[in-house]
Amino acid sequence: MKITFPHMGNVYIGAKFLMDGLGIDYVIPPFNSKRALEIGSLYSPEEICLPFKIMMGNYIESIERGADTIILTGSCGPCRFGEYAELQMKILKKLGKNLDFIVLDLPSDIGFDELKRRINKISSQSPKSKKEKYMALVNAYRIIGLIDALEAKAHERAGYEVNKGECKGLLNECKRKLLETNNPKEAISILKEYHKKMDEVEISREKNPIRVAIIGEIYTIIEPFSNLYIEDKLMEMGVSTKRTLSPSWWVYNTVLLSPFGLTAKKIRDAAKEYLPLGVGGHGQECVGEAILSYEEGFDGAIQIFPLGCMPEIVSKSILPSISRDKNFPILSLVVDEMTGEAGYQTRLEAFIDLLERRRGYVLSGN
C-alpha cells in the first residue's frame, strides 16, 4: 500500500506526519499548479466544481509517483462532496487506474463498525504497536493544530508588522522545514520554535490596518491555489485577515463535536436569524461567520466559493441582506478554472480601497 491524499490547505502536513508516525509509505502530491488543474479538468465532468477537478489532478500526479491508495474524508447531505469518491473512482477506472479509495465518513453517516473497518485498512499496514499508533494520531492532530494556528497568527500580524513580509517569510520557511523531516516530535519542536519567532516579530499596534474576514466554502478558502493565493495578496497589501475554517477546525468540529450536536455551535447560532437550517457544505457557517465578523469589528468580509457550489449560492443570496442590515461590506468571489488573475486582483484591490475610503469617511464624522 502506498497512500496519497488530495491537497487541501495544510492537510498534507498533518497527513504526512501521521503516515510517518505509523511507518506507512505515502506520496504527497505535487503542490497544486496549472498542470494539476489542466489534468483534472480534462478528465472531470465539465460542470463539476473546482475542488473536484484539482483533486483529480492530485490523484493522477500521485499515481505517476506510485500511489495506489487514496484517503479522502466524506460527507453526507446536499453538498456534492459526498459523491466525489464514487465518481472519481469510476473516472480513474475508465482511465485504467486501479486504485483503492478509503473514505473516512462520519460514524453518524456510516456507523462506527464501518468506520472502524475503513480505519483498520490503514492501521493494519502499520508495523507499529497500538500505543505507537495512538501517539502517531495524537502527534498528527497536534501538528495540524500548530501549523493552522501559526498560519492564523501570520495572517493577523501581517497587518501590524514593521518589516513588511516578515510574517509571510517565517510561515513559508516553517513549512519548508517541516518537509525536511520525517519525525513527528521534531516537527512539533519546529512549530513551537516558529510560534516563538512569530511572536517576536516587531509590530506596531498604531498601524490600525484594514481587517478582513475570509469566509465561504472550506476547500476554496483553505487551499491557496484555488483562491489565487488571496491571503498572500492581502498580507502584501498590509491587510490583517482572519479565517475560522481550517483543517484543524474541521477535525475538532466535525469529528470531535459532531456526535454531541455541538458542531460550530457559536457560528450556527449567529446565522439563525438569516439561515436557521443547514443547507449542506458550510453554507450556514458562511452566513454565521459574516455576522460574527461584523460583531468582532472587522471592516469587511470576502466570501470565496467555486462556481456551481449549491450551499454557497444560498449563502451568497443572503449576504447582501446582512451587508445592508449591518452596514457591513461583503465581497463575493466565484472561482473556477477559467478565473483570470488580473480581474480577480482588480476586484480585490477595489474592495480594499472601498474599505479604506469608508473608514476615512466614518472617522471624518460624516
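The values are calculated or read from the model by the stated rules, or taken from the named source; none is laboratory data. If you're wondering where the values come from, they're calculated on a predicted model, not measured in any experiment. When we count neighbours, we look across all protein chains shown, and the Cβ atoms used for this are built from the backbone with ideal geometry, even at glycine. To get the accessible areas, we keep the full protein, side chains included, count just its heavy atoms, and leave off ligands, DNA and RNA. Shrake-Rupley method; radii C 1.70, N 1.55, O 1.52, S 1.80 Å.
In the stretch 185-297, what percent of the accessible surface is made up of carbon and sulfur (1.4 Å probe, ligands and nucleic acids excluded)?
About 54 percent, which is the carbon plus sulfur part of the accessible surface.
Taking amide H as placed 1.01 Å from N in the peptide plane, I215 has its amide H under 5 Å from the amide H of I302, Q303, I304, each at least 5 places away in sequence or on another chain. Taking every protein chain into account, the accessible area of the chain amounts to 47 square angstrom per residue (probe 1.4 Å).
Relative to the longest principal axis of the chain, what angle (0 to 90°, nearest 10) does the C-alpha long axis of helix 50-63 take? Helix 50-63 sits at roughly 40 degrees to that axis. Toward the positive end of the charge dipole of the stretch 231-355, about the Cα centre and with charges on Cβ (Lys, Arg +1; Asp, Glu -1), which of L333, S246, A264 goes farthest? Result: A264.
Applying both filters, DSSP loop and at most 10 other Cβ atoms within 10 Å, to the GluC sites (Glu not before Pro) of the stretch 298-366 eliminates every site.
What is the total of Lys pairs in the stretch 96-141 with C-alpha atoms under 21 Å apart, excluding same-chain pairs fewer than 8 positions apart?
Number of lysine pairs found: 8.
Taking the longest Cα principal axis of the chain as reference, the axis of helix 166-178 is set at about 0 degrees.
Entry note, the chain: the mean residue ellipticity at 222 nm calculated from DSSP H runs of n ≥ 4, each adding -39500 (n - 2.57), is -16500 deg cm²/dmol after division by the residues and rounding to the nearest 500. With springs only between Cα atoms under 10 Å, which of S124, S293, S240 fluctuates most in a Gaussian network model of the chain? It is S124.
For the chain, DSSP calls about 5 percent of its internal beta bridges antiparallel. In terms of accessible area, using a 1.4 Å probe and ignoring ligands and nucleic acids, R157, R205, R211, R142 rank largest first as R205, R142, R211, R157. R268 exposes around 70 Å² of accessible area when a 1.4 Å probe is run over every protein chain in place. Of the whole protein surface, I48 contributes about 30 Å² of accessible area at a 1.4 Å probe radius. Angle, helix 11-22 long axis vs. longest principal axis of the chain, Cα atoms, 0 to 90°, nearest 10? It is inclined by approximately 30 degrees.
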